[in-house]
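The values are calculated or read from the model by the stated rules, or taken from the named source; none is laboratory data. None of these values were measured; they are calculated from a predicted model. As a convention, Cβ positions derive from the backbone with ideal geometry for all residues, glycine included, and neighbour counts pool all protein chains shown.
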Amino acid sequence: MAPGIGINPRRYGRLDFINFFNHMAASVEITTTQNVTIEYELARLRDRMIAFALDMSIVTVGYVIIFLAFSSLFDRLNQWWAIFMSISAIVGYFLYHIISEVVFNGQTLGKRATNCKVVRLDGKEPQWSDVVLRAMLQLVDVFSTGGVIGIILVKTTPRMQRLGDMAANTAVIRLRSSFNRFTLGEILNIATASTYAPQYPQVRTLTENDMILIKTVLARYQKYPNEAHATAIDVLSDRLMKLLDITTIPATRLEFLKTLLRDYIVLTR
């Protein structure tokens, strides 16, 4: 599998069952350094704005505390004190962002609260230079225009990137979507036994995104076992049986889908 990234227009491969999830948010595919392609949901503008507001609140509270702690040591009317406090506010904001995203692996406290994270689109871990570049370019696409440029870019670019993201080759993703999307790493935990004998070897013709869709449907049914999700299980099972040329009707549709997942993992490792 060649390294690369891009928006997948048919997000879940060849499964026509994609129509059931047409309302899901935009996503981006990232190929890791191990040549494993994983699809992530891009963070919505609303989540990013909430994260920004939370971070600004945290920095403001910290600034006020520092100001009150040291104001008694200086003459508040002294111009050098005013200059010092102004510079410290700006420097403090950027240091907060840079240190937070480095320490918390792509997250500030605001992003942690909204389940968002900064990732590099080449699959590597964000470096200091990436974090610094993203932070500095907030001067252009956030502060200089009141956030207008940043909002326009996030709403109009394919990967929902502001200038800082474009320059650093990063994107902001959601760690958990409202539809319980799963990563390939979570799928790998389904089956680990080396002695497992696959029942449906033809499952190798499916893609990783197909497997993510299957697990998503299973998770939705297990969390909300209502009629709509039971119908989704049936429709997906019928489609897969036809696609894989499986004529023997499985005892239960749930076990059939779980078996496909286990088979795929064992056969494609």
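Descriptive notes on the structure:
- Any hit, segment 238-258, residues being surrounded by 20 or more Cβ atoms within 10 Å (Cβ to Cβ), modelled with pLDDT of 85 or more and either within 21 Å of Ser27 (Cβ to Cβ) or among the small types (Gly, Ala, Ser) (or both): no
- Positions within segment 247-269 being more than 17 Å from Gln222 (Cα to Cα) and basic (Lys, Arg), in sequence order: Arg262, Arg269
- Taking the criterion of being at pLDDT below 60 and either farther than 15 Å from Glu125 by Cβ or among the hydroxyl-bearing types (Ser, Thr, Tyr) (or both), the residues of segment 23-35 that qualify are His23, Met24, Ala25.
- Of residues in segment 101-119 being of a type in the set (A, V, I, L, M) and part of a helix (DSSP H, G or I), the one nearest to Asp47 (Cα to Cα): Ala113
- Just one of the listed residues (Ile50, Ile18, Ile98, Ile66) is modelled with pLDDT under 70, outside the structural domain of Thr216 (by TED's automatic domain parsing), in contact with a helix residue (DSSP H, G or I) (Cβ under 9 Å, 6 or more places away or on another chain) and part of a helix (DSSP H, G or I), and it is Ile18.
- Scanning segment 120-139 for residues that are within 25 Å of Arg174 (Cβ to Cβ) and part of a helix (DSSP H, G or I) yields a count of 10.
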